[in-house]
Structure formats: C-alpha cells, structure tokens
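Participant: What follows is a single structure, and I will ask about it in a moment.
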Amino acid sequence: IYGTGAAVTLFNVDGSKGEGCIVENNVCWNNDNGHSFWVMWSASTIDLVYRGNEIFGMDQNSGADDGVFDADGQSVGTVFEYNYTHHNAGPVYIPCNIEWDDADFADAYVRSCIWRYNISFNDNWRGLRSKGTIYSDKGAENTYFYNNLIVTDSYDVLVFDLGDKNLHLYNNIFYNLE
C-alpha cells in the first residue's frame, strides 16, 4: 500500500463473530498526507488482529496525532503480532482512549489489547508524542506488551500514561543504539 493518508482504517468491526477480522501480510510505505493520521487505525472494534505487516518510511509532517498502529476508543481485544516496522517518523503503537462528549460513546475505553512478537527498528525518529516509540494515551485498560524487540537510536522507548490500568509489560528486549 503506497500513497497518502491512512492505509487501513476500521470502525465498528466485530471479529468475535464468525471467522473474525484479520489485517494480514500488507506492506505499507511512504504514506504521508501532511495531516494527522495513523497507518493502521481502528475504533469501536472487537477482536481485530493485525498480523505480519511491514510498515516503513512514514514521514508524517503534521507533528500531531501520527504513527503506525492505533487501537483507538472502544477497541476491545485488538491483537498486534508478528509485525515489522522501521524508519517511521511517529511512534509505532498507541492504545488511546477517546474522550467522547456523546452519551452513546461514554464507555469508549481501550481494553485487553495485546502487542506481541513485533519488531520495531528506529521508529519515532522525529520524536513525536512525548518521544516514546510506544506511547499509551489516556489510560488504556488491561494492556499486554510482551515478547517484542524495540531498537531505537536516540529517543525514549516507552511512555505510558499514569492512568493506564493493569499494564502487563514483560519479556521484551529494548535496545538503544546511542
């Protein structure tokens, strides 16, 4: 997938019924629209899986809400596994709760997301989003982050919001080249 803007955006997907929903074996590069976007972004989803994708060369210019993978408001049970990301300007992953004013979305929390078996090399080189390669925003609940390799050359690797609940962080390798 080459071009400008978000490459894969999924809303209101329920993977818990039937065969589920899998975004698998895609290669995305040079997606830059100069605005706020995430390459693979979901909201209001259940049991969505991102597997075996390679994403590189994202050089977002907005300096705002940019990055590679985003499990946004009402993402429940989203799994990110066996992905390879490298040389992206923004962070590689953010579980982000949305602050909705609409009563229909009052319970817009990100829950039970898993980030496992992924490789991130030199992502967030621009230092966006508090300089974290992995950045958690607005208190995600029951997030698992394990068996990953994160290699960076100068910025902080992890930045988690103090509002996160039940963060499970274990068996990862973090390596700073500096």
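The values are calculated or read from the model by the stated rules, or taken from the named source; none is laboratory data. Just so you know, these numbers come straight off a predicted model, no measurement behind them. Backbone-built Cβ (ideal geometry, glycine too); neighbour counts: all protein chains shown. Only protein heavy atoms, including side chains, enter the accessible area calculation; ligands, DNA and RNA are left aside. Shrake-Rupley method; radii C 1.70, N 1.55, O 1.52, S 1.80 Å.
Participant: Being crowded, with 17+ Cβ neighbours inside 10 Å and either touching a strand residue (DSSP E or B) at 6+ places or on another chain (Cβ under 9 Å) or modelled with pLDDT under 90 (or both) is the requirement here; does Ser120 meet it? I'd like the intermediate steps shown before the answer.
Facilitator: Numbers: crowded, with 17+ Cβ neighbours inside 10 Å: yes; either touching a strand residue (DSSP E or B) at 6+ places or on another chain (Cβ under 9 Å) or modelled with pLDDT under 90 (or both): yes.
Yes, satisfied.
Participant: Restricting the search to segment 148-157, which residues are open to solvent by 50 Å² or more (accessible area, probe 1.4 Å) and either out of contact with any Asp or Glu (no Cβ under 8 Å at 6 or more places or on another chain) or at pLDDT 85 or above (or both)?
Facilitator: Hits for segment 148-157 are Leu149, Tyr155, Asp156.
Participant: Where in segment 28-94 are there strands (runs of 3 or more DSSP E), lying wholly inside it, with at least 1 residues that are of a type in the set (D, E, K, R) and modelled with pLDDT of 80 or more? Talk me through it step by step, then tell me what you get.
Facilitator: Details: elements: 37-43, 48-51, 54-56, 66-71, 79-81, 84-86.
Per the criteria, 48-51, 54-56, 66-71, 79-81.
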